[in-house]
Amino acid sequence: MSIAYSNTSLRVPAGFRNLLEGLAREVLREQPIDVVAFAAQHFQKLLEQREAGGIDPVAWGAMLED
């Protein structure tokens, strides 16, 4: 997916859309008061999972987008 902006075409990185959709789903489910803090915690959990040798959500999301 690319987005036209001025004379530049920006490309959304592979897996990014899936990450944002996952965050949006969790925000809607949890209804946090502080969305920014919730997002930081959400992405920290994903990072910890990736570093622990689990699934890399970006790589997994990129496969889903293809």
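The values are calculated or read from the model by the stated rules, or taken from the named source; none is laboratory data. The model shown is predicted, which means the values in this text are computed figures rather than measured ones. Methodologically, a virtual Cβ is constructed for each residue, glycine included, from the backbone with ideal geometry; neighbour enumeration extends over all protein chains shown. In case anyone asks, the SASA skips ligands and DNA or RNA and just uses the protein heavy atoms, side chains included. Shrake-Rupley method; radii C 1.70, N 1.55, O 1.52, S 1.80 Å.
Couple of notes before you dig in:
- Projecting the Cα atoms of Phe16, Leu47, Pro32 onto the charge dipole of segment 16-64, computed from C-beta unit charges around the Cα centre, puts Phe16 farthest toward the positive end.
- Expressed as a whole percent, the accessible surface of segment 7-66 that belongs to carbon and sulfur atoms is 58, based on a 1.4 Å probe.
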